Structure formats: structure tokens, C-alpha cells
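Report on the following structure.
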Amino acid sequence: MFTKQELDQFQMLRRDFHAYPELKYEEFRTSGKISALLKRWNFNGVYEGIGQTGVVGVLKGGGTAVSTETKTIGIRADMDALPLNEENTFSHASQYFGKMHACGHDGHMAILLAAAKKLAESRNFCGHVNFIFQPAEEGGSGAKAMIDDGLFDRFPCDEIYALHNWPGLPEGYFGFNCGAIMGSSNQFEIVIEGKGGHAAMPHMCVDPVVVASHVIQALQTVVSRVIKPIDPAVLSVSQVLAGDSPNIIGRSCKLLGTVRTFNMKTVDTIEKKIDLICENLPLAFGATAKFKFTRQYPPTVNSEKITKIAMDVVKDRFGETRIVRDVEPTMGAEDFAFMLEKVPGTYFFLGNGDIAGHHRDEGHGGGPCTLHNSNYDFNDKLISIGAEYWVTLVENRLSKF
Ligand SMILES: [Zn+2]
Ligand SMILES: [Zn+2]
């Protein structure tokens, strides 16, 4: 489908994105490049500044559908990098200290752009395709920002798709899951207020560190004793902040952590239980606690129907053997979840190859090729595989016949 020359160009483009990474909502150079390319390829419409730095490219097919209804597919790629210092030294390594494309969003963009160019040339489909380039996936709710900015009102989609490269899954294999594939992400903060004083005179104080240790223990019972064993959930206390000096009992102790689940009902149950613990347990020690709970990303839940359609595309183009059914979901979170709440669709994994990173160029940092790792690099072989996948999806779903 792609000539060697085309693939070299898109590899160069991917490596250019990699060398000039931009953090959430700062994707100005990146989104500018994307818009310019879509315009050069004669897209029917290129819309910038959606959800701050997001871009939507609208492409109309060249065929006439048998039915009079115009069908539209949305395909999303994320654009942002991570606040991480790259340890690779190959020539396309990050030019910016403390910024790195360590999640492969550089690759997701290159894949979608390669598909965009091919489809813009052939227009071998009926209906419309909305190419959605999203900012701030890494903790910035960029998908929500685009939706709040009218994404689906201005560019309605009947179905929506996204992929993520997946280290550890063999190169070019596709991992699908009907149902929840990523968890919901929620954050909590508990501030325990005691009474400070001299560490040699604890009887004059209410030690918030001791109270916090009991609260941490009680929190361990939420998932293990309250949530149904067949309903996966995680509650991690990840930060304990207290004290100024070994000879002082401080006045307060702050606990911070995360809650992950595959459905929002379980989040409700967990939130209520933490609240109950915070309200009652510190009281027994003469302390009080303030509890704050923030819901960040909902779970990423795939439509069964669309996931099966997406699997059939792999079968058609690459063969049944490249499909990994029921790929193991993860409690990592993904803000494509917000889009899937509005439009039926699917989010799947595309194997980036082994974690040893044999696909990486000379000069990689030597560490594992895993997501969010300073030694990571995207596997350029996925550009043609991913782009061929998107082109086939569009041609199959928006077939002329
Ligand atoms: Zn990431
Ligand atoms: Zn990512």
C-alpha cells in the first residue's frame, strides 16, 4: 500500500515529532504541522484550536453510498509528550530537556497522518472521516476538553476508533477486548488533624502519624472486604506526608492515593467507604480527617459490536493469526474513555514488539522499551501496519457498495 519513499517520509515525520516533543496543551508546533499537512493533502476542512490545541481534519469520500444517509467515522490520535528526560542518544532523541515522547504518541500521529494522506489521494469510500488529533492525553483530559469545545456537535461521528502501541505485545499484533480495557482513574486526599508537640511527650499530643497508619490499614480492607472479589479494583495509598523533625510530633498528616476500577458504580462504593473510615476512625484517637475525592478519567469501555467489526478488519488485511482476542485489560487510564462515553467505538492495542526493544536504533539508553520509560522508542514498523489498518477500516466500513 505504501512505497518505500512514502514510508521513509513518515518515519522522518515520526522522528521529527519525537525530537521536538511538546507537553499537554502546548502542542503548538505539533498541531501546526498536522494542520499544514492535512491542508496540503486537500482535506475538505481543517479545524484548529479545538480543546485549545486539538485539530480535526474532515475528509469526504469520492463514492456515492447506496443508502442516502452519510455515515461518519472518527479516528483519534493523541499528540502530547511526557515530562521526562530522555536517556536515548540516537539522532532523533528529544531536543528538549525534561520532555519526551515516551508513550509513542509521536507514532500514533504518524500512523494517522499516513492513513490520512492515502485516503485523501484515493477517496475510495463513501461518507466522511473525521481525523481527530487530541491534546493532553497524559493527565490533562484533552479528550474532554475537545468534547466540551463542541467536538461531537460540530463533527458528529457514528463510530469512533483509537489505537495505542503496546510494548510486550508482538510487533504488529492487534489486541482487542470487548468491554472495559482500561480502568477509571480517581485521586483522593486525606488530611488527618491531630495535636502537635514534643516527641518525648506523646501523652500531651494526638499523633497524626499513628492515626494515619491505622487509616492506611483500614483502607486496605476496602477492596479486600467490601468490593466483590470478581469486580477488579485498586486502592493505593501512594504518598504519606508528615513531620518536620524527629523530635516533633506534627499537627497533621496527609495521605494521597489513587483508586482504579472498571466501572463507576464501584468507584461510588469505594468513595463512600473511604469517607466512612475518615469520618469515624480518627475520632477514636481524638483526631479528625478531611477527605477529598476527585474523579479524573472514567473507564475505557469498548462497544462489543464495534470491537468485532475492528477485529474483522485485521482478519481481512493481515489474517486471523494477528488478532489477540480478550487482551488483558489494564488499570492504567486513558482519556479516550470520554469519547467512548459519547460515541460507540473501540480502543485497541497494536504490538510495539518485545520489551528488550530490538527495534530501537543504536544509542538507546539500554533500559527497557516500556511506556513512560526514559529508554522507550516507538517501533517505526508500526507506521505502515497501523496506517494500512485505518485505510482498510475506512474502506470496509464506508464501502461504496
Ligand atoms: Zn502515556
Ligand atoms: Zn499514551
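Overview of results
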quantity: Some residue of the range 326-343 being within 16 Å of ligand 2 (Cβ to nearest atom), surrounded by fewer than 16 Cβ atoms within 10 Å (Cβ to Cβ) and part of a loop (DSSP other than H, G, I, E, B); calculated: yes
quantity: Every residue from the range 120-136 that is away from ligand 2 (no atom under 16 Å from the Cβ) and surrounded by 24 or more Cβ atoms within 10 Å (Cβ to Cβ); calculated: F125, V129, F131
quantity: Test: residue in the range 55-66 that is out of contact with any helix residue (DSSP H, G or I) (no Cβ under 9 Å at 6 or more places or on another chain), over 25 Å from F152 (Cβ atoms) and not in a helix (DSSP H, G or I); calculated: yes
quantity: Among (1) more than 16 Å from ligand 2 (Cβ to nearest atom); (2) touching a residue at least 40 places away in the same chain (Cβ under 8 Å) - the single one M201 does not satisfy; calculated: (2)
quantity: Selected residue (only one of G365, G257, G286 is exposed (fewer than 14 other Cβ atoms within 10 Å of the Cβ) and either more than 22 Å from the chain's Cα centre (by Cα) or not assigned by TED's automatic domain parsing to the domain that holds V129 (or both)); calculated: G286
quantity: Odd one out for G386 among (1) within 16 Å of ligand 2 (Cβ to nearest atom); (2) surrounded by fewer than 21 Cβ atoms within 10 Å (Cβ to Cβ); (3) not aromatic (F, W, Y); calculated: (2)
quantity: Residue match in the range 137-158 (condition: within 30 Å of F285 (Cβ to Cβ) and in contact (Cβ under 8 Å) with a residue 60 or more places away in the chain); calculated: no
quantity: R360 vs. criteria out of contact with any Lys or Arg (no Cβ under 8 Å at 6 or more places or on another chain), outside the structural domain of L256 (by TED's automatic domain parsing) and in a loop (DSSP other than H, G, I, E, B); calculated: yes
quantity: Restricting the range 204-242 to residues that are part of a loop (DSSP other than H, G, I, E, B) and free of Cβ contacts under 8 Å to residues at least 24 places away in the same chain, the residue that is surrounded by the most Cβ atoms within 10 Å (Cβ to Cβ); calculated: K228
quantity: Condition check for T307: of a type outside the set (G, A, S), outside the structural domain of T221 (by TED's automatic domain parsing), surrounded by 15 or more Cβ atoms within 10 Å (Cβ to Cβ) and assigned to a helix (DSSP H, G or I); calculated: yes
quantity: Failed criterion for E271 (all others in (1) closer than 26 Å to H198 by Cα; (2) part of a helix (DSSP H, G or I) hold); calculated: (1)
quantity: Test: residue in the range 344-355 that is surrounded by fewer than 16 Cβ atoms within 10 Å (Cβ to Cβ) and either of a type in the set (A, V, I, L, M) or assigned by TED's automatic domain parsing to the domain that holds T307 (or both); calculated: yes
quantity: Restricting the range 137-171 to residues that are within 16 Å of ligand 2 (Cβ to nearest atom) and assigned to a strand (DSSP E or B), the residue that is surrounded by the most Cβ atoms within 10 Å (Cβ to Cβ); calculated: Y161
quantity: Yes/no for F125 being of a type outside the set (K, R) and either within 26 Å of the chain's Cα centre (by Cα) or not assigned by TED's automatic domain parsing to the domain that holds V391 (or both); calculated: no
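The values are calculated or read from the model by the stated rules, or taken from the named source; none is laboratory data. Quick caveat: nothing in here was measured; it's all calculated off a predicted structure. FYI the Cβ positions are ideal-geometry reconstructions off the backbone, even for glycines, and counts take in every protein chain you see.
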